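Asks: The structure is given below, and queries will be raised subsequently.
The values are calculated or read from the model by the stated rules, or taken from the named source; none is laboratory data. None of these values were measured; they are calculated from a predicted model. Here the Cβ positions follow ideal geometry from the backbone for every residue, glycine too, while neighbour counts run over all protein chains shown. SASA here: full protein model, heavy atoms, side chains in, ligands and nucleic acids out. Shrake-Rupley method; radii C 1.70, N 1.55, O 1.52, S 1.80 Å.
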Amino acid sequence: MTNVLDGNAVGDRIREELRGCIDTLDGEGVTPGLATVLMSEDPASETYVSMKQRACEDLGIESIHREIDPDAPAEELFETVESLNDDPEVHGILVQMPVPDHVDKRTVLRSIDPEKDVDGFHPENVGRLVAGDARFKPCTPHGIQKLLEAADVDTEGKEAVVVGRSDIVGKPMANLLIQKAPGGNATTTVCHSRTDDLGAKTREADIVVAAAGYPELVDGSMIAEGATVIDVGVNRVDADNEKGYELVGDVEFESAKERAEVITPVPGGVGPMTITMLLYNTVKAAGIQADVPVDLP
Ligand code: NAD
């Protein structure tokens, strides 16, 4: 029987445990606060931000929101981030990507106080992750680590293949998998758009993390018998339904499930974990800034 991992259930359990940390902070007069900044009218970005706000409110994290006209000068965004950096009620800051073309993304990431950078994308936090001294692990790869742990998938000494080399998923995922630390110690290969014969690489893997943003790129024929398959992809494809589309992952679920021992579905696998780990990082940030020790799950 294939174990289909339930990201909602694992996420809910971690959120429940985070409540205990929030109570500890509350006892010291601290309410964790997460600021979201949106400079876009893209409906998907608006949805992501509102999901994050709702998740905060459900857990008792203060949600602060700033919207900036996408046609406004970049300076307006930087001034907003600066004021949030200076606001003691704000412990985490998240600028929803993508930002408009006239705003330099790297400068945005650098403008956030590294102690409030709950996405973990500031160069200081990227460096700390690579050096094995992470302050904030990026939410999606961290969530995957937690999912693997919950499913008792041991990464130590295993062959792992990460498909995708983005700064937000592929690279930090590979960095976590190679760390000499729990949830790491895997021999890790990173594949990308220029990789020759992807299937030959994935078939060698005990653990495949697919994060290419390409619908059903990895099918059952590319999976080793008994492998663990983590599907990060969220792709909209045309469908004959009311909405006119459906969401599919980077893995062809049905054929991969035939061979995998452990697999994540889309939706309901990695997605809920990403938001959970954003809440986790916000609680951690509040603990660091208020100098209150919290017992994180
Ligand atoms: P990205 O476009 O920034 O990066 C995709 C990577 O995949 C690139 O490095 C590229 O080299 C590689 N790639 C593309 N086609 C490939 C191919 N045919 N073979 C091998 N490698 C290939 O995307 P991203 O931001 O890393 O996101 C990846 C996917 O994960 C997207 O579908 C995105 O929507 C989804 N995502 C989901 C969550 C979540 O919480 N569930 C979070 C972040 C991203």
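Asks: Tally up the carbon and sulfur contribution to the accessible surface of the chain as a whole percent, 1.4 Å probe, everything protein left in place.
Replies: Working: 6380 of 14250 Å².
Of all accessible area on the chain, carbon and sulfur atoms account for 45 percent.
Asks: Sticking with this one: Roll a 1.4 Å probe over the protein chains and send me the accessible area per residue for the stretch 27-117 in Å². Walk me through the numbers on the way to the answer.
Replies: Details: 4640 Å² over 91 residues.
With all protein chains present, the stretch 27-117 gives 51 Å² per residue.
Asks: I've got another one for you. Mind putting a number on the dipole of the chain about its Cα centre? Charges go on the C-beta only, +1 for Lys and Arg and -1 for Asp and Glu, and I need it in Debye to the nearest 20.
Replies: Numbers: 26 positive and 56 negative charges, 183 e Å.
For this selection, approximately 880 debye.
Asks: Then there is this: Taking the highest mean first, how do the peptides 175-188, 229-242, 271-284 order by number of other beta carbon atoms within 10 angstrom per residue?
Replies: On the way: 175-188: 18.6, 229-242: 17.0, 271-284: 25.9.
Ranking, from highest mean packing down: 271-284, 175-188, 229-242.
Asks: Once you've got the Cα coordinates, tell me which of LYS137/LYS180; LYS146/LYS243; LYS52/LYS158 are over 24 Å apart.
Replies: The pairs that break the limit, which is 24 Å between Cα atoms, are LYS146/LYS243; LYS52/LYS158.
Asks: Once amide H atoms are placed 1.01 Å from N in the peptide plane, what residues at a sequence separation of 5 or more from VAL90, or on another chain, have their amide H within under 5 Å of its amide H?
Replies: Sorted by chain and number, the residues that satisfy this come to none at all.
Asks: Shape verdict for the stretch 27-117, please, from the Cα gyration tensor: rounded (a/c under 1.5), prolate (a/b greater than b/c) or oblate.
Replies: Working: a/c = 2.43, a/b = 1.40, b/c = 1.74.
The shape class here is oblate.
Asks: Considering only THR187, SER255, VAL126, whose Cα is most displaced toward the positive end of the charge dipole of the chain, charges sitting on Cβ of Lys, Arg (+1) and Asp, Glu (-1)?
Replies: THR187
Asks: Under 5 Å between amide H atoms, partner at least 5 residues away or on a different chain: which partners does SER40 have, H built in plane at 1.01 Å?
Replies: Those qualifying (amide H under 5 Å, at least 5 residues apart or on another chain) are ILE68.
Asks: When the convex hull of the Cα atoms of the stretch 157-297 is projected onto a plane and the area is averaged over all directions, what value comes out in nm²?
Replies: In nm², the orientation-averaged hull projection of the stretch 157-297 is 10.4.
Asks: If you take the C-alpha gyration tensor of the chain, multiply each eigenvalue by 5 and take the square root, what semi-axes do you get, largest first, in whole Å? Kindly include the intermediate steps, with their values, before the conclusion.
Replies: Working: eigenvalues 200, 98, 68 Å².
Sorted largest first and rounded, they come to 32, 22, 18 Å.
Asks: Which of GLY170, THR80, VAL108 sits closest to the plus end of the dipole of the stretch 64-173, meaning its Cα is farthest towards the positive end, when Lys and Arg get +1 and Asp and Glu get -1 on the C-beta?
Replies: The one lying farthest along the dipole's positive direction is GLY170.
Asks: Hey, another quick one. Of the listed peptides 42-49, 73-80, 286-293, what is their order by residue-averaged count of other C-beta atoms within 10 Å, with the highest listed first?
Replies: Values: 42-49: 13.5, 73-80: 15.2, 286-293: 16.8.
My ranking of the peptides, most packed first, is 286-293, 73-80, 42-49.
Asks: Compare the peptides 99-111, 133-145 by average per-residue count of other Cβ atoms within 10 angstrom and give them in order, highest first. Please report the intermediate quantities before stating the final value.
Replies: Numbers: 99-111: 15.2, 133-145: 23.8.
Sorting 99-111, 133-145 by mean packing, highest first, produces 133-145, 99-111.
Asks: Along the charge dipole of the chain, which of VAL237, ALA44, THR2 sits closest to the positive end, that is, farthest toward it, with unit charges on the beta carbon of Lys, Arg, Asp and Glu (+1, +1, -1, -1)?
Replies: Ranked along the dipole, the leading option is THR2.
Asks: Per-residue ellipticity at 222 nm for the chain, helices alone: DSSP H runs ≥ 4 residues times -39500 (n - 2.57), over residue total, nearest 500 deg cm²/dmol? All intermediate terms of the calculation are to be shown ahead of the outcome.
Replies: Details: 10 runs with 120 residues, N = 297.
For the chain, the value works out to -12500 deg cm²/dmol.
Asks: Using DSSP H assignments, which helices in the chain have an axial alpha-carbon span of 18 Å or above and a mean Kyte-Doolittle hydropathy of 0.0 or higher? Intermediate values should be presented prior to the final figure.
Replies: On the way: long enough: 7-27 (30 Å, -0.56); 43-59 (24 Å, -0.68); 74-86 (19 Å, -0.47); 270-290 (30 Å, 0.83).
TM-like helix candidates: 270-290.
Asks: I would also like to ask the following. Given +1 on the Cβ of Lys and Arg, -1 on the Cβ of Asp and Glu, and no further charges, what dipole in debye does the stretch 27-117 carry about its Cα centre, rounded to the nearest 20? Show your work: numbers first, answer last.
Replies: Details: 7 positive and 22 negative charges, 76 e Å.
Charge dipole, the stretch 27-117, about its Cα centre: 360 debye, nearest 20.
Asks: Continuing with the same structure: With a 1.4 Å probe and all protein chains left in place, how much accessible area per residue does the stretch 139-272 have, in Å²? Present the calculation step by step, with values, prior to reporting the outcome.
Replies: Values: 6420 Å² over 134 residues.
Counting only protein heavy atoms, the per-residue value for the stretch 139-272 is 48 Å².
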